[in-house]
Amino acid sequence: MERRALQVELLCSRGCLAPEDLCRICTASREWWGYADAEASWLVLARMVTIRPLPPCLEPGSRDVNSREGSAKARLLQMYIPAFKVRCQVRQLLRRIAGFWHFWSPAAALALRPGLSEVELQRFEQLLAERVERGGRVSQLPEDFAEFLRWCDGYEVEAFWCAEAQPGALAFRVCRLLCSAEIVAQAAQISSGWLPVSCSREGALTCLRLEEEDEESATPGAGPGITASVVSPASSASFGELWCGAAPRGSDFESGNLTRQSSSFMEYLQDYVGLLENIARQFAEEQLLTPISLNQVLPQLFSSTRIYCDEQSSWVTTGLGKGKGNLWQRVDRSRPLRIIFPRFHTGKRAGRFANMWLQSSSV
């Protein structure tokens, strides 16, 4: 019995077992429950498991754990369960992204870089602290973005297969998720506390907030759930939020003229997945009008700087008069997106957006 208990502790100390694995061992039999539920095993496991902070919008409302109060197992699971749920949700989104590209454009799927190990992830955080000169203090990544890096280290250079809401425009701008090496290089060139995660074709950056401003300097901003709403200055940014600028090379992160993109990286991925799946759904509805397949249309869509959307698909304008303003924001993620396929529409309004799309592709 002592030998098996020592085997469980040894596996925990080598990082071979995660908390969910130890919980599964507990359900194997009453005998194995005694080994896996031992306090010593959970104390060893607590020293090996890395749990990063969650953005405020992903924090759980309550943390009730069915275990003995004060035990090592209860303390670890209280922190681990919310992080594990976020990890599972991020993995599900990433599988949908990979599945979409494997089916419709294998070249885009091959442009996804392999993920980082936990040791490489910790080294990446250390490099950020050294390059950005924060006195050697390591700023931990949000758990949702760390899980993304475990699964995928961004896109290859010149592989612009991602898209995000264009600030103030009725469109998504085509961008590329940066790899860890590019993030370190770009982070040293912008103001402290910001982590670049994507770059548009025009060179504009979208950055993740690592450090919050002091409460005295913070100003109220828009709440979570609004994509690309104009709420400057950036002093209202919370930990884990994504903000974007329009100027090349992130120069607007110095001036503070920024736009909120999403309240977390997981929400950012949800918008990306929603765009991809709605493109496929909408094209399936309209494919009777053309012999062209979606795998021919996607490279053309993502070779442009923007993917234009129909104003009737969950977008509103903040300008004077309906449809007369130029500051658009998406306010309802529950409604499906409707994009403009320029060659497959007729009519004045569709033709206007088709001309805009064609002009942007020729730039």
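A few remarks follow.
- If you filter region 81-105 down to residues that are β-branched (Val, Ile, Thr) and in contact (Cβ under 8 Å) with a residue 40 or more places away in the chain, you find that the one that is surrounded by the fewest Cβ atoms within 10 Å (Cβ to Cβ) is ILE97.
- Residue in region 142-150 that is within 30 Å of ILE307 (Cα to Cα), of a type in the set (Gly, Ala, Ser) and surrounded by fewer than 16 Cβ atoms within 10 Å (Cβ to Cβ) present: no
- Residues (at pLDDT below 75, touching a Lys or Arg at 6+ places or on another chain (Cβ under 7 Å) and hydroxyl-bearing (Ser, Thr, Tyr)) located in region 221-238: THR227, SER229
- Filtering ARG63, ARG52, ARG3 for residues that are out of contact with any Leu (no Cβ under 7 Å at 6 or more places or on another chain) and either at pLDDT 70 or above or under 27 Å from GLN140 (Cβ atoms) (or both) leaves a single hit, ARG63.
- Residues of region 78-125 classified as among the polar types (S, T, N, Q) and within 16 Å of LEU149 (Cβ to Cβ), total: 3
- Restricting region 239-261 to residues that are within 14 Å of GLY168 (Cα to Cα) and polar (S, T, N, Q) leaves a set whose member that is modelled with the highest pLDDT is GLN261.
- When GLU158, GLU182, GLU202 are checked against the criterion of being farther than 22 Å from GLU277 by Cβ, outside the structural domain of ILE339 (by TED's automatic domain parsing) and free of Cβ contacts under 8 Å to residues at least 24 places away in the same chain, GLU158 stands alone in meeting it.
- Where LEU276 falls short, out of the listed (1) at negative phi; (2) crowded, with 23+ Cβ neighbours inside 10 Å; (3) touching a helix residue (DSSP H, G or I) at 6+ places or on another chain (Cβ under 8 Å); (4) at pLDDT 90 or above: (2)
- Screening ALA108 on (1) buried (at least 16 other Cβ atoms within 10 Å of the Cβ); (2) under 17 Å from the mean Cα position of the chain (by Cα) shows it passes everything except condition (2).
The values are calculated or read from the model by the stated rules, or taken from the named source; none is laboratory data. None of the values given here were measured: they were computed from a predicted structure. Don't worry about glycine lacking a Cβ; one is built from the backbone with ideal geometry, like all the others, and counts go over all protein chains shown.
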